[in-house]
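Here's the structure, in structure tokens; my notes come after.
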Amino acid sequence: MRSDNVKKGPERTPNRSLFYALGYTDEELERPLIGVVSAYSEIVPGHMHLDKVAQAAKDGVRLAGGTPVLVPAIGVCDGIAMGHKGMKYSLPSRELICDSIETMAQAHCFDGLVLVPNCDKIVPAMLMAAARLNIPSIVVSGGPMLAGRQGKRKVSLSQMFEAVGGFKAGLIDQETLDDYTQHTCPGCGSCAGMYTANSMNCLSEAIGMALPGNGTIPAVYAARLQLAKHAGMQVMELLRRGITPLQILTREALLNGVAGAMATGSSTNLVLHLLAIAHEAGVELTLDDFDRISREVPFVCNLQPSGKYPIVSMDACGGIPAVLKNVEPKLHRDVMTVAGKTLGQMLDAVEPVENDVIRTMEHPQKPEGGIAVLCGSLAPDGAVVKQSGVKPSMYRFSGRARVFNSMEEADAAVSAGTIEKGTVLVIRYEGPKGGPGMREMLSTTALIMGRGMDEDCALVTDGRFSGATHGPCIGHISPEAAAGGPIALVEDGDEIFIDIAARRLELKVSPEELERRRAVWKPLVKPRGPALAKYAAHVSSADRGAIIELENSACQ
């Protein structure tokens, strides 16, 4: 066992004495040491109950003959960080979490890991760490929040943000806004729609790194704790059988993850994160794979924010196994999962479903997948849009640019009512390097949606969007402005043409004029502290997953 390096032999008696100082017994030290990495905190609603989930996972490890060792992980609440400078730290926290798990697992020679995340950056960070370390690992998340309410209708966080736009436009009053505020988020769990957190927790199932139910069992259900106990027990089985993450995270498995994302209408952030997971796993995955699968796998789930229902409705209909069963012809069945079975073996026990929540490939919500990849003169290396949340009238749009060098500038213009119909808002210098940190633009998109302008204007950015975003919002434009991409050269009044069906995003300015502008262009460098400066110095472009690029980074 790896842990023998800190437990066995006369040379390790000093190390062993420190385990005794912690209260461990000889019996516990004879067993494998399993790191239980918990992102519990008192600042993230999705994580406020992870102490209980982690304890259940520890109980499972003990039941199966292991010794659990609880260690912490940080986590940013994207909702609380949204709309201000705090969001600059959200995406960079992914790399901090991944590095910290590597540090703890390597320094203490854990034999395996139970990873207990729930929200946006924490889930991919833990999957990245699992791939990097390649020791038996399993993910068990905290589960989704129940839907909130406004009056008699069920709502989730996207409607809360949009209510701000409605209030500023005079469409709702203070009393209604207060009702949203008090009742949108009823308690613990990841926000109730198919936003980034739930997208990533569902992805963990689809790629085989979590047990069935991980993405959809509500946070408050007893079944969530039972799942955590089973995860703790199952990591011991993975250890016994020598099944490690790199045996699971193959190219075929990651392509299954793309297919699942297209079927569910997942967050565009999933593109960034899955590319980063692939990088850690040493698997080739590109935007071309997302585009190809988007055309092959239809959007079958009627989930918020693109559709009608909160995530708990999908759980009641069979969850991710039911979704994967309905798109099974497009999946690779022979991939291994943490359940110790192939995906095909698991799906053989699942019955197909068809209802208003989960439809079939033959009768989908929309004929193509939830995410589309666009290219063109404005985004030579690609951009992404959640096409499942775009109204058909906006699949093809041409408008005049209104350029902003920060999210705050754009928010002020929308709030002031100065955005005219036919405008394409351009928000730049918000990319991985330029932000730095690649902020989400939910405040801007929610203001637009709340004002009912989602068929009047579009938004393009080298930043990114919350999973709660819907509407004609195109992000991840690469190259970003800070790297000298064409988005840096856009001027007010330029024509921008969007054609989602044709996967095009074009800046209607001649090459000669762009070269003239480039000759006098100077990049805008925004203020940044040490943490963001280090991130900006090493982060890649969005089309490569905003990964940190370092030489000789393989984990030994």
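Laid out as a table, the results:
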item	result
Filter on K52/K433; K366/K433; K154/K386; K152/K386 - keep pairs with C-alpha separation over 31 Å	K52/K433; K366/K433
Exposure ranking of H230, H49, H108 by accessible area [1.4 Å probe, largest first]	H230, H108, H49
Value of relative contact order over region 378-523, rounded to a whole percent, pairs C-alpha under 8 Å and six or more apart	32
Label selected from (1) -0.65, -1.26; (2) -0.56, -1.41; (3) -0.50, -1.27, the criterion being log10 I(q)/I(0) by the Debye sum over Cα atoms at q = 0.08, 0.13 Å⁻¹ as computed here	(3)
1.4 Å probe accessible area per residue over region 412-530, in Å²	33
Extension gain (nm, one decimal) between K391 and W521, 0.36 nm per residue minus Cα-Cα	43.2 nm
Computed E for R251/A501 - FRET, C-beta separation, R0 35 angstrom, nearest 0.05	0.80
From phi via Karplus (6.51, -1.76, 1.60), per-residue ³J(HN,Hα) for region 450-455 in Hz, x at Gly/Pro	x, 8, x, 9, 6, 10
For D381, distant residues with modelled amide H under 5 Å away	S478
Backbone HN-Hα couplings from phi across region 131-146 [Karplus 6.51/-1.76/1.60, Hz, Gly and Pro as x]	5, 5, 7, 6, 10, x, 8, 8, 9, 9, 8, x, x, x, 5, 5
Helix-only [θ]222 nm of the chain, DSSP H runs n ≥ 4, -39500 (n - 2.57) each, per residue, nearest 500	-11500 deg cm²/dmol
Added length on full extension, which subtracts the Cα-Cα distance from 0.36 nm per residue, L22 to T176	50.2 nm
Stretchable slack from T360 to A533, in nm (0.36 nm times residue separation minus alpha-carbon distance)	57.6 nm
Percent of Cα-Cα distances greater than 17 Å, calculated over region 237-310	50
Aspartates and glutamates whose Cα lies under 15 Å from that of K391, excluding same-chain neighbours fewer than 8 positions away	E368, D454, E455, D456, D499
Loop-resident sites, region 371-479, for trypsin sites (Lys or Arg not before Pro), counting at most 10 other Cβ within 10 Å (DSSP)	K421
Positive-end residue of V155, T216, Q365, charge dipole of the chain with Cβ unit charges	T216
Accessible surface, 1.4 Å probe, highest first, among residues D381, D411	D381, D411
Dipole in debye (nearest 20) - the chain, about Cα centre, beta carbon charges: Lys, Arg +1; Asp, Glu -1	480
Dipole magnitude (debye, nearest 20) for region 1-159, charges at Cβ of Lys, Arg, Asp, Glu	720
Accessible surface, region 154-276, averaged per residue in Å² (probe 1.4 Å)	31
Dipole in debye (nearest 20) - region 234-373, about Cα centre, beta carbon charges: Lys, Arg +1; Asp, Glu -1	180
Phi-based couplings in Hz for region 38-54 (Karplus 6.51, -1.76, 1.60; Gly and Pro marked x)	10, 9, 4, 7, 9, 10, 10, x, x, 10, 5, 10, 5, 4, 6, 5, 5
Under 17 Å from the Cα of K58 - lysines, other chains or at least 8 residues apart	K229
Mean-position separation - Cα centroids, region 108-124 and region 1-38, in angstrom	20
Carbon plus sulfur fraction of accessible area for the chain, probe 1.4 Å, in percent	54
Inter-part distance where region 485-516 and region 320-396 are each reduced to a Cα centre, Å	30
Heavy atoms of L249 accessible to a 1.4 Å probe, total area in Å² rounded to 10	0
Within region 137-179, backbone nitrogen closer than 20 Å to the virtual label 7 Å beyond the Cα of K421 toward Cβ	166, 169-171
Amide H contacts under 5 Å for S267, placed H, 5+ residues apart	S199
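The values are calculated or read from the model by the stated rules, or taken from the named source; none is laboratory data. The model shown is predicted, which means the values in this text are computed figures rather than measured ones. Positions of Cβ are backbone-derived with ideal geometry, glycine not excepted, and every protein chain shown enters the neighbour counts. Quick note on the areas: whole protein, heavy atoms, side chains included, nothing else; ligands and nucleic acids left out. Shrake-Rupley method; radii C 1.70, N 1.55, O 1.52, S 1.80 Å.
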